[in-house]
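As structure tokens, the structure follows; a few thoughts come after it.
The values are calculated or read from the model by the stated rules, or taken from the named source; none is laboratory data. What you are looking at is a predicted structure, and each value in this text was computed from that prediction instead of being measured. Cβ placement follows ideal geometry from the backbone for every residue including glycine, while neighbour counts extend to all protein chains displayed. Heavy atoms of the whole protein, side chains included, go into the accessibility calculation; ligands, DNA and RNA do not. Shrake-Rupley method; radii C 1.70, N 1.55, O 1.52, S 1.80 Å.
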Amino acid sequence: MRVLVVDDEPQIRRALRTSLEAHGYEVVAVGTGEEGVLAAADQRPDLILLDLGLPDIDGTEVIARIRGFSETPVIILSVRENQSDKVAALDAGADDYVTKPFAMEELLARLRAALRRSGSDEPAQPSLVFGDLEVDLARRLVTLDGEPVHLTPTEHQLLEALVTNQGKLLTHQWLLRRVWGQGYGTETTYLRTYVRTLRKKLGDDAAAPALIVTEPGVGYRWIAEAGT
């Protein structure tokens, strides 16, 4: 697997190269946004690690330009902790967001999850199993411990959006538009109410979630892996 690192700090590039190569990845590292866009086109990486604070163009612009020709997973590595920066990057097309400084093991886990999602060109599985929870996408049926879970059509659409994007950080705006339509995007209280109800029906505890994790001010992430 080839990973493209776009970061203007030489020490970060060196550290990432050393760690990633030690885990068997091939690494291409550049220091500017323009170089990153060109490398994404020429090198055809399997995944991109991208800093937002680049010396020439902002990381969100890099994402937008890459998304013009590639669906390669992009994980943001940035010191920016503002929710607005995270939301802007994710809405521009990033797949995940990791704040600097970060633990390398966490980054590797996020990287593996993104590669798993992107590496499957197979048709979506008609049924997904997460422990005692089964979500039959083809028949729109949900069971928990063998008993049917009664969901409204909207709740089912929300669940489908989450389970078909396992591990990915989904913004409020993305979920609202995916489930309710393009006319939505700011109704976060509305979305929060539906997530709360869905958690209750699925037996998930918001304080110690096993299925749906809240990313405060940004969105939600489905953390359970199919087949576990």
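A compact table of results
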item: Anisotropy class of the range 166-207 from Cα gyration tensor, a/c 1.5 cut; result: prolate
item: Added length on full extension, which subtracts the Cα-Cα distance from 0.36 nm per residue, Asp56 to Glu81; result: 6.9 nm
item: Solvent exposure of the range 10-89 as accessible area per residue, Å², 1.4 Å probe; result: 48
item: Cα gyration tensor, the range 120-179 - rounded (a/c under 1.5), prolate or oblate; result: oblate
item: Acute angle (nearest 10 degrees) that the helix 188-202 long axis makes with the longest principal axis of the chain, alpha-carbon atoms; result: 60
item: Three-way shape call for the range 107-209 based on the alpha-carbon gyration tensor, with the a/c threshold at 1.5; result: rounded
item: Label-point gap, in nm, between Phe69 and Met104 - each point 7 angstrom along Cα→Cβ; result: 3.3
item: Most mobile listed residue (Tyr190, Tyr25, Tyr97) in the chain, GNM with C-alpha springs under 10 Å; result: Tyr190
item: Links that overshoot a 25 Å alpha carbon limit, given the list Lys86/Lys201; Lys100/Lys201; Lys86/Lys200; Lys168/Lys200; result: Lys86/Lys201; Lys100/Lys201; Lys86/Lys200
item: Distance (nanometres) between label positions extended 7 Å along Cα→Cβ at Leu38 and Tyr190; result: 4.6
item: Fraction of accessible area attributable to carbon and sulfur, the chain (%, probe 1.4 Å); result: 49
item: Chain lengthening between Glu147 and Thr197 when straightened (0.36 nm per residue, less Cα-Cα); result: 16.2 nm
item: Solvent-accessible area per residue, Å², over the range 180-228 with all protein chains present [probe radius 1.4 Å]; result: 55
item: Within a Gaussian network of the chain (alpha carbon springs, distance under 10 Å), most fluctuating of Leu38, Leu54, Leu107; result: Leu38
item: Percent RCO, i.e. relative contact order, over the chain, from Cα pairs under 8 Å lying at least 6 residues apart; result: 14
item: Among Asp56, Asp95, Asp46: highest mean-square fluctuation, GNM of the chain, C-alpha pairs under 10 Å; result: Asp56
item: Under Karplus coefficients 6.51, -1.76 and 1.60, residue-wise ³J(HN,Hα) of the range 163-176 in Hz, glycine/proline x; result: 6, 8, 10, 4, x, 8, 7, 9, 6, 4, 4, 4, 5, 4
item: Mean Cβ count within 10 Å, highest first, over the residues of peptides 196-208, 156-168; result: 156-168, 196-208
